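Input: a single structure, listed below in structure tokens.
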Amino acid sequence: MAYRCGDVVWADLDPSAGHEQTKRRPLIVVSNDKFNAHCNLTMTVPITSSTKPYPLHVDVGIVPSEAGERPIHGFAEAEQFKSLDLDARNAMLVGRIGPKGMDKLVSLVLGCLITPEMTIYSY
């Protein structure tokens with residue numbers, strides 16, 4: 001399945017190591033739709049329900065939950081940005097993040113990847 005930028009999916013993150021997120025949790029797809037259509041990996045950012053303030057977390061509001069469970073108020077963890085094979089991790093599409101939240105998140109992820117002297121070109 002080709003996921004779209006802004007999709008929220010639940011996926012299994014185990015096995016993991018060190019400070020990586022674990023267990024089954026919600027993720028936000030941050031790779032663009034063309035990348036997702038041509039690659040078997042999808043760039044994602046996990047969502048935490050922890051409200052502890054951290055400069056690399058973006059408030060994404062209410063996140064849908066699996067199997068009729070209560071929705072959670074979530075924060076995207078830009079520092080946990082990673083590419084995953086979502087099919088192998090039993091991903092399940094549950095919703096989408098609004099454009100305002102996605103703009104904040106993508107800006108933060110890009111800010112973590114580029115230096116001030118770099119130029120970003122839109123293709």
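The values are calculated or read from the model by the stated rules, or taken from the named source; none is laboratory data. Given the structure is predicted, the values throughout are model-derived calculations rather than measurements. Glycine gets a Cβ as well: all are built from the backbone with ideal geometry, and neighbour counts include every protein chain shown.
Can you report the number of residues in region 1-55 which are of a type in the set (Val, Ile, Thr), under 13 Å from Arg89 (Cβ atoms) and surrounded by fewer than 14 Cβ atoms within 10 Å (Cβ to Cβ)? Walk me through how you get there before you give the answer.
Of all residues in region 1-55, those of a type in the set (Val, Ile, Thr) come to 8-9, 22, 28-30, 42, 44-45, 47-48, 51.
If we keep only those that are under 13 Å from Arg89 (Cβ atoms) too, we end up with 9, 22, 29, 42, 44.
Keeping just the survivors that are surrounded by fewer than 14 Cβ atoms within 10 Å (Cβ to Cβ) gives 22.
Of the residues in that region, 1 qualify.
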> Looking only at region 3-24, which residues are modelled with pLDDT of 85 or more and not charged (D, E, K, R)?
Replying inline: Tyr3, Cys5, Gly6, Val8, Val9, Trp10, Ala11, Leu13
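If you go through region 9-17 one residue at a time, do you hit one that is among the acidic types (Asp, Glu) and under 21 Å from Gly111 (Cα atoms)? Don't jump to the end; show me each part of the working.
Keep residues of region 9-17 that are among the acidic types (Asp, Glu), which gives 12, 14.
Now drop any that are not under 21 Å from Gly111 (Cα atoms), which leaves none.
Checking region 9-17: not a single residue is among the acidic types (Asp, Glu) and under 21 Å from Gly111 (Cα atoms).
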